[in-house]
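Scroll down for the structure; my scribbles are underneath it.
The values are calculated or read from the model by the stated rules, or taken from the named source; none is laboratory data. Because the structure is predicted, anything quoted here is derived from the model rather than measured. As a convention, Cβ positions derive from the backbone with ideal geometry for all residues, glycine included, and neighbour counts pool all protein chains shown. Only protein heavy atoms, including side chains, enter the accessible area calculation; ligands, DNA and RNA are left aside. Shrake-Rupley method; radii C 1.70, N 1.55, O 1.52, S 1.80 Å.
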Amino acid sequence: MLPPEGETILLTLRLAGSVPARAGRKLHAQRIAAQHAATSPEAHRRAEKQFFVGFDALLDARTVGPDYLAKEKVAEAIVGELLMLEEQGLQVPCFVLLPNHLHAVLQLPAGSGLSLYKAVDLLHQRTAAQARRLLRGQLPPEADFWQTGFHELPIVDEPELARVQAYLLAHPQRLQLPERFHAWPYVPE
């Protein structure tokens, strides 16, 4: 259920270097062109959804970059930090952790006084610090863990929330990932 007058988004965080640079630039250029060509809010939203689908396909292909999130200790640390957002007042009704990226539905109730962007920034920082400790020797000191920034897609209504949750929960099976990606702690039920 969407919080009254609150904000609900589909958040995507990805590991640094997880998308081929050329393909990423091409996809971003297509997104900008589609946004400029959009003549209505609906067309703009369709452009954002098309970008998400293309970007997610690039991430799912896993043609470049690390897959640190497949390491159980790293995955557990990230899931723990993600669920800590609930102690700050955000709701995390659904998420999926994949080898090189994370999708999470985040709900920020109205009047909570919280900033979604500050919460995501804190999640970025805390999970990167924990992952660095766990990956000592595997991640060069100068290398970023997460790609700078994040992608968000606002969720506007209950039917869309249901579609997003179904998509996320089926994601590991679609990618034929090992069983541990299908069950807690990687995907809550």
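Among the residues making up segment 2-59, a single one is among the aromatic types (Phe, Trp, Tyr) and out of contact with any helix residue (DSSP H, G or I) (no Cβ under 8 Å at 6 or more places or on another chain): Phe52. Cβ-Cβ contacts under 9 Å between residues 6 or more apart (or on different chains), taken from a first residue in segment 134-149 that is in the same structural domain as Lys118 (by the TED database) and acidic (Asp, Glu) to a second residue that is assigned to a loop (DSSP other than H, G, I, E, B) and modelled with pLDDT of 85 or more, are listed as Asp144/Ala16; Asp144/Gly17.
Of the residues Ala29, Ala110, which single one is open to solvent by 30 Å² or more (accessible area, probe 1.4 Å), in a loop (DSSP other than H, G, I, E, B) and among the aliphatic types (A, V, I, L, M)? Residue meeting the stated conditions: Ala110.
Scanning segment 113-152 for residues being outside any loop (DSSP other than H, G, I, E, B) and out of contact with any His (no Cβ under 7 Å at 6 or more places or on another chain) gives a total of 21. Put simply, of Leu139, Leu85 the only residue that is closer than 22 Å to Val19 by Cβ and surrounded by 13 or more Cβ atoms within 10 Å (Cβ to Cβ) is Leu139.
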